[in-house]
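Asker: I have a structure here, written as structure tokens, and I will follow up with some questions on it.
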Ligand code: SF4
């Protein structure tokens, strides 16, 4: 028999189980810092990203200050990050755009944010949700994988998952679910060999193991 996927219970259990994510505790309500640190974090581990972000924001914490850095200066500040050259170029480019076109304010819509080079739906949703504190669903591979394994939705790509969750999931869970499922996907509901035997939400999971998550 199919188990009920009780999102309210899942959120409460995971919220007790995991500490708050460093991005939430440090950058909530600060869209520019969310934008830059999320871009830096792509394909780079958090343990590396966040010390680098903190060091960078000591030097330049606004679009204006960042736009005034040279490519070389920015590269030397973030050189321990993967793809640092491309990321430095993108950060300078969108910082200039924010100053010139958006009156120093980071846009608060997915559509505008997607115009920035290097910014995909995941980053755009996180900027809207965490930076601007507006409803948005940030779906990465962990959210996509776990929502399918739970049996809450049945989708093939993170983008399909985003749209399915927009339809089905109450707005009050949009932001918090991403934070919790990213932690859960890294620690327990791993892509290969999920640790179901110690999973705190097994009572609400149908354990539909999806082999391909992307
Ligand atoms: S029970 Fe297994 S598949 Fe379900 S969320 Fe937990 S680890 Fe993932």
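Asker: Enter the angle in degrees (range 0 to 90, nearest 10) between the Cα long axis of helix 174-187 and the first principal axis of the Cα atoms of the chain, meaning the one along which they spread out most.
Answerer: On a 0 to 90 degree scale, this one is about 80.
Asker: Also: As a footprinting exposure proxy, order 114, 165 by other Cβ within 10 Å, with the fewest listed first.
Answerer: 114, 165
Asker: In addition: For the chain, compute Rh as the Kirkwood radius over C-alpha pairs and then the Stokes-Einstein diffusion coefficient at 25 °C and 0.890 mPa s; write the answer in µm²/s, rounded to an integer.
Answerer: 136
Asker: With n ≥ 4 as the cut-off for DSSP H runs, can you work out [θ] at 222 nm for the chain, using -39500 (n - 2.57) per run divided by the number of residues, rounded to the nearest 500?
Answerer: Computed ellipticity for the chain at 222 nm equals -16000 deg cm²/dmol.
Asker: Another question about this same structure. Taking Cα atoms of region 29-131, Rg/Rh with Kirkwood Rh, to two decimals? List each step's numbers first, then the result.
Answerer: Details: Rg = 12.2 Å, Rh = 13.3 Å.
When Rh is taken as the Kirkwood radius, the ratio is 0.92.
Asker: Packing-wise, with mean Cβ within 10 Å as the measure, how do 146-152, 79-85 rank, highest first?
Answerer: 146-152, 79-85
Asker: Which of 199, 189 comes first, and how do the rest follow, when ranked by fewest Cβ neighbours within 10 Å?
Answerer: In increasing order of surrounding Cβ atoms, one gets 199, 189.
Asker: Still on this structure, I have one more. Can you give the angle from 0 to 90° between the axis of helix 141-150 and the longest principal axis of the chain, with both taken from C-alpha atoms, to the nearest 10?
Answerer: Computed tilt is about 10 degrees.
Values in this text are rule-based calculations from the coordinates and carry no lab data. Computed from a predicted structure; not experimentally measured. All Cβ positions, even for glycine, are placed from backbone atoms using ideal geometry, and neighbour counts span all protein chains on display.
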